[in-house]
């Protein structure tokens, strides 16, 4: 794996006995000795520490401060950024001219600048995209910091022993805090459906910080395997799987992330790539929708499984985009796209697994209730 | 006991051979969450897919290591697939078969050769 990038926590992962795999050009831990199932359950019950340093951290500045950056960025994402409060964060996505999704990301108003976190696999393209289209905005990729996520109901208690101020943060608040491990950039967010924090830390302090967090009895290291099952149970999209350039935000049921001011009739309606399609779908609905699926029995219905309207006959009408066994649900859970007329809760559809059509029920997402501190 | 390169173990008792997967295979698979077993009475040919195993990570299968008839399956695994991780060499056997070509057993590795194989 010598051609792979490593994160500042690479040596620690090996020391902890992680099984390492290539992921988005990085050597990353897929699981630790605890195993995917127990790591998942531990995160839901107590707290889990994730290395997400492979994700891209980007600072955007302009002479006109945050408002100028926000105004420019609104030309690339269909999100209300101008009205985003100081030290608040929002979920968004870059759209393309066809109304597909180029990447999803987090965007924070940090007073005099914007801070963005993008997916590892997309970061080079995202940065090029921003450089090409955000005139007058200085785009700095932060490469001397690691990014950790501490997730789970015990996360607040653990982090507050080190940094009492984090207990007052609400979901999607961000903070810049001095610490024994240098200046930390903290957000109360994550991608597990649990309460928790994402912590950007200077690279040379990442391992001491991780060790300090892991020293708490409540905290276990969690690999990519459980990260995937946690986010799937939480109904959260994984870029390149549940969303990509072939899915519009409305099809993906991410319309909640498009505030009224950016919709038809809003003060800053449209003005982002693919606006014609996306605004039309916001009004008229999309022909298909991302739904939750609960397959009958115990067999997971995995990514790529074709979905049919009937037990026999007919062409596939959709497909599964993520599917696994949900350790918290104790059963298989999937997400996928189906035509609008099959997207109603309670509808039975059929996924073809190993040549046999298996029933699955369309259900509301998330599978497990979100546990955010709003 | 004999071992295949597919990480199955075979234990002959009289004219019946019990088949399971090794601890190494169970560890590589990760937590097993679903097992689908063949029907008793099925006639199989070596390399036929006879068992489906799904772990938290992926789907995989067990192929028949011998020609013959499936004479018993371990139904307990259907309700408790996690046994495959807990006791792969014992309680978590998958099926028993009556080989039609018992000599095929000799083509597989003994324990020492298998341990060398997995390094």
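Quick notes
- Only residues that are in contact (Cβ under 8 Å) with a residue 60 or more places away in the chain and over 27 Å from residue A:248 (Cβ atoms) were counted across the stretch A:309-330, and they come to 4.
- Among residues of the stretch B:80-95 being more than 12 Å from chain A (Cβ to nearest Cβ) and touching a strand residue (DSSP E or B) at 6+ places or on another chain (Cβ under 7 Å), the one that is surrounded by the fewest Cβ atoms within 10 Å (Cβ to Cβ) is B:89.
- Residues located in the stretch A:75-89, provided they are at negative phi and surrounded by fewer than 20 Cβ atoms within 10 Å (Cβ to Cβ): A:75, A:82, A:83, A:85, A:86, A:88
- Strands (runs of 3 or more DSSP E) contained in the stretch B:7-79 and holding at least 2 residues within 14 Å of another protein chain (Cβ to nearest Cβ) and closer than 25 Å to residue A:228 by Cβ: B:32-36, B:49-55, B:59-63
- Checking each residue of the stretch A:52-65 against the condition of being out of contact with any strand residue (DSSP E or B) (no Cβ under 9 Å at 6 or more places or on another chain) and within 14 Å of chain B (Cβ to nearest Cβ) gives no match.
- Test: residue in the stretch A:105-114 that is away from every other protein chain (no Cβ under 14 Å), surrounded by fewer than 17 Cβ atoms within 10 Å (Cβ to Cβ) and either at pLDDT 95 or above or in contact with a strand residue (DSSP E or B) (Cβ under 7 Å, 6 or more places away or on another chain) (or both): yes
- Only one of A:349, A:362, A:333 that is closer than 30 Å to residue A:187 by Cβ, touching a helix residue (DSSP H, G or I) at 6+ places or on another chain (Cβ under 8 Å) and either free of Cβ contacts under 8 Å to residues at least 12 places away in the same chain or part of a strand (DSSP E or B) (or both): A:333
- Filtered residues of the stretch B:13-26 (kept if loosely packed, with under 14 Cβ neighbours inside 10 Å and touching a residue at least 12 places away in the same chain (Cβ under 8 Å)): B:15
- Listed by position, the helices (runs of 4 or more DSSP H) contained in the stretch A:203-306 that have at least 3 residues being in contact with a strand residue (DSSP E or B) (Cβ under 8 Å, 6 or more places away or on another chain) and under 27 Å from residue A:339 (Cβ atoms) are A:224-233.
- Within the stretch A:8-22, the only residue that satisfies the criterion of being outside any loop (DSSP other than H, G, I, E, B) and in contact with a helix residue (DSSP H, G or I) (Cβ under 6 Å, 6 or more places away or on another chain) is A:12.
- Only one of the numbered conditions (1) surrounded by fewer than 19 Cβ atoms within 10 Å (Cβ to Cβ); (2) under 23 Å from the mean Cα position of the chain (by Cα); (3) within 18 Å of residue A:202 (Cα to Cα) is violated by residue A:38, and that is (3).
Residues checked against (1) buried (at least 19 other Cβ atoms within 10 Å of the Cβ); (2) assigned by TED's automatic domain parsing to the domain that holds residue A:91; (3) at positive phi:
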residue	(1), (2), (3)
A:128	no, yes, no
A:138	no, yes, no
A:144	no, yes, no
A:160	no, yes, no
A:169	yes, yes, no
A:173	yes, yes, no
A:176	no, yes, no
A:182	no, yes, yes
A:186	yes, yes, no
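- Meets criteria (in contact (Cβ under 8 Å) with a residue 60 or more places away in the chain, under 29 Å from residue A:252 (Cβ atoms) and assigned to a strand (DSSP E or B)) for residue A:69: no
- Candidate set: the stretch A:291-318, residues that are under 22 Å from the mean Cα position of the chain (by Cα) and away from every other protein chain (no Cβ under 14 Å); chosen: the one nearest to residue B:80 (Cα to Cα): A:294
- Test result for residue A:33, assigned to a loop (DSSP other than H, G, I, E, B) and either assigned by TED's automatic domain parsing to the domain that holds residue A:190 or more than 26 Å from residue A:114 (Cα to Cα) (or both): yes
The values are calculated or read from the model by the stated rules, or taken from the named source; none is laboratory data. Note that the structure is a prediction, hence the values are computed from the model and not measured. With ideal geometry, Cβ positions are generated from the backbone for all residues, glycine too; neighbour counts draw on all protein chains shown.
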